[in-house]
Amino acid sequence: MQFPDSRNVLEPNCARCPALAESRERISWGTGPLDATLLVVGEAPGSGDPDADEWRGGNWTGKAYTTHHSGRRVHELIAEIGYANDCYFTNAVKCFPAGEDGANREPTPDERANCRTHLEAEIEQVDPEVVLATGKHATQTMLAFDGGGLDGFVDSVLDPIHCDSLGVTVLPLLHPSYQDIWIARLGYDPDEYVDAAADALDDAV
C-alpha cells in the first residue's frame, strides 16, 4: 500500500513548542489532495522506524499517518470505505512528542493549542465535507474549535458532530492503536465496524 506522496508545509521549521522542536526528526505535515472530500485527523506522529522500507512514520517521512501500525490501519479503513484517493491525512499536533522512554507521550494542552491554527489552516484549504477524528485527543481538538469538550469518547464514536466555527461535520472514529479492543466493546466485529463507519459517513456527507 502506498500513502500520498505530497505534503502541505504550512510553517517550515516551526518552533512554537520548544520540547517538540527538540524531540522531532521532521515536522509531520498533512499529506494528500488539497481538494479531498475527507480529512483525517490523528493525535500526533509516532516515533517511527527510520530503517523501515515503507511505513517509517511521520517523524521520519514528514507526512502524517505513515507509521506501520496506525498509518497502515487508517489507510486500509479509508480504502475499504471507498475514499482511498480522496482523503487528506493530518494530525492535531505535527511533531513527535517524545516521552522519557523515547516513545510517544500525550501532547500537552499547550502543544495542542499551539498547533491548532495549523490544523485550522488545513481544514480551510482542503474544505472537506467530513473530518474523521481518530481517537479521543483528535476529537477533543476538533471540539475545541467551538469551545466544547468531550465527556465519554467511546459513546461519541460514529456519531456525527457539526463544528459550527469551521462549517464541517466531524465523525469520531476509534484510534487505530486501540480499535481491536474497542470494536468488540462497541458490539461490532471488524467487518461490521467498517460497514458502520461507511454508513455513518454516507449520512454525514
Report summary line: Quick shape check on the chain: root eigenvalues a ≥ b ≥ c of the Cα gyration tensor, a/c under 1.5 is rounded, otherwise prolate if a/b tops b/c, else oblate, and it reads rounded
Report summary line: Rounded to the nearest Å, the spacing of the alpha-carbon centers of the range 9-37 and the range 58-112 is 11 Å
Report summary line: Restricted to the chain, the DSSP antiparallel beta bridge percent, nearest 5, is 30 percent
Report task. With a 1.4 Å probe and every protein chain left in place, work out the accessible area per residue of the range 2-116 in Å², rounded to a whole number. Result -> 46 Å²
Query raised in the report: Per residue, what accessible area does the range 135-192 have, given a 1.4 Å probe and all protein chains present, in Å²?
Result: 51 Å²
**Report entry** Exposure rank, largest accessible area first [Trp182, Trp29; 1.4 Å]
**Finding:** Trp182, Trp29
Query raised in the report: What shape does the range 59-169 take by its C-alpha gyration tensor, where a ≥ b ≥ c are the square roots of the eigenvalues and a/c under 1.5 counts as rounded, a/b above b/c as prolate, and the rest as oblate?
Result: rounded
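Given only helices, namely DSSP H runs of n ≥ 4 each adding -39500 (n - 2.57), what is the per-residue ellipticity at 222 nm of the chain, to the nearest 500 deg cm²/dmol? Write down the numbers at each step before the final one.
On the way: 8 runs with 74 residues, N = 205.
After summing the helix terms and dividing by residue count, I get -10500 deg cm²/dmol.
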Report task. Give, as a single signed number, the net charge of other residues whose beta carbon lies under 10 Å from the beta carbon of Ala92, with Lys and Arg counted +1 and Asp and Glu -1. Result -> +1
Query raised in the report: For Ala121 and Asp180 in the same chain, what is the full-extension length gain: residue separation times 0.36 nm, less their Cα-Cα distance, in nm?
Result: 18.0 nm
**Report entry** Of all accessible heavy-atom area on the range 123-183, the percent that carbon and sulfur account for (1.4 Å)
**Finding:** 43 percent
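The values are calculated or read from the model by the stated rules, or taken from the named source; none is laboratory data. Fair warning: this is a prediction, and the values are worked out from it, not measured in the lab. As a convention, Cβ positions derive from the backbone with ideal geometry for all residues, glycine included, and neighbour counts pool all protein chains shown. The protein model used for the area step is the full one, side chains on, heavy atoms only, and it has no ligands, DNA or RNA in it. Shrake-Rupley method; radii C 1.70, N 1.55, O 1.52, S 1.80 Å.
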